[in-house]
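Take a look at the structure set out below.
The values are calculated or read from the model by the stated rules, or taken from the named source; none is laboratory data. All values derive from a computational prediction rather than experimental measurement. Neighbour counts are summed over all protein chains in view; Cβ atoms, including those assigned to glycine, are modelled from backbone coordinates with ideal geometry. The accessibility values were calculated without ligands, DNA or RNA, using every heavy atom of the protein model including side chains. Shrake-Rupley method; radii C 1.70, N 1.55, O 1.52, S 1.80 Å.
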Amino acid sequence: MKSLKKFDFKTISKYTSAKAMGDFNHFLEKLPQNVNKSLLIIVGVIWGVAGALGLFTVVKMQEYAKISEERDVAQALLPVVPEIEERQVSAARIKDFVEELQETYKGLEIKGNSANISIAAKSTASFGEFREAIGHVQNGGQGWRVNVDKLCVGRDCVQYPLRASLRISTVSVQKK
């Protein structure tokens, strides 16, 4: 700032005067006679390359701006998709629920471990109770998602004619 205050702006005016412009014009007109032609050709080629490079840069920047705008429009059109995550139900909660089921459906063998509940009956005559127990598990807890791992119904089943293995989980929906 100090050097700017000391600078005399009147000295610039001598370079912008009409006489200075006339001298500069005279210099440019006499340049071809005073300089070697091969040097002029080299300078012309350099200016041509610089102009072509400038033009190329401008065109590429316009293409980049267009692609960037299209990308922004495409991103604006993308819907917000929630992320769904499946989590296991706690073993303690399953154990309490299995105890409740065992009291309600006394004719069935109901076991629970980790996030699995298995329901079995010794005869096909217990099909109604078996079906109701599976329905009870389906509606057992808030937010539960019940997947059937194994289901066997009929005389072809080994050991128990009615048997189901159900895997319990909860679904969590999170915004991205």
Exercise. Within straight cross-link reach of LYS122, meaning Cα distance under 17 Å, which aspartates and glutamates are found once same-chain residues fewer than 8 apart are removed?
Worked result: GLU109, GLU132, ASP156
For this session: Kindly rank 97-104, 126-133 from highest to lowest mean number of other beta carbons found within 10 Å of each residue.
Result: 126-133, 97-104
For this session: Taking all protein chains together and a probe of 1.4 Å, list VAL146, VAL171 from the most accessible to the least accessible.
Result: VAL171, VAL146
Exercise. For GLU109 and ASP156, what does the FRET efficiency come to when R0 = 22 Å and r is the distance between their Cβ atoms, rounded to the nearest 0.05?
Worked result: 0.70
Exercise. Per residue, what accessible area does the chain have, given a 1.4 Å probe and all protein chains present, in Å²?
Worked result: 79 Å²
For this session: Divide by every residue of the chain the summed helix terms, -39500 (n - 2.57) for each DSSP H run of at least 4, and state the resulting mean residue ellipticity at 222 nm, rounded to the nearest 500 deg cm²/dmol.
Result: -17500 deg cm²/dmol
Exercise. When you take every Cα atom in the range 77-160, what is the radius of gyration, and what is Dmax, the widest Cα pair distance, in Å?
Worked result: 15.9, 58
For this session: Compute the long axis of helix 37-77 from its Cα atoms, compare it with the longest principal axis of the Cα atoms of the chain, and write down the angle in degrees, 0 to 90, nearest 10.
Result: 30 degrees
Seminar exercise, completed: Rounded to the nearest 10, the angle in degrees between the Cα long axis of helix 91-104 and the longest principal axis of the Cα atoms of the chain comes to 30 degrees
Seminar exercise, completed: Cα convex hull volume per residue for the chain, in Å³, equals 334 Å³
For this session: Report, by chain and number, residues whose modeled amide H sits under 5 Å from the one on ARG145, excluding near sequence neighbours (fewer than 5 apart, same chain).
Result: SER169, THR170, VAL171
Problem set entry | Within straight-line cross-link reach of LYS14, lysines at Cα separation under 26 Å, skipping those fewer than 8 residues along the same chain | LYS2, LYS5, LYS6, LYS30
Exercise. Across all directions of projection, what mean area in square nanometres is found for the Cα convex hull of the range 55-97?
Worked result: 5.2 nm²
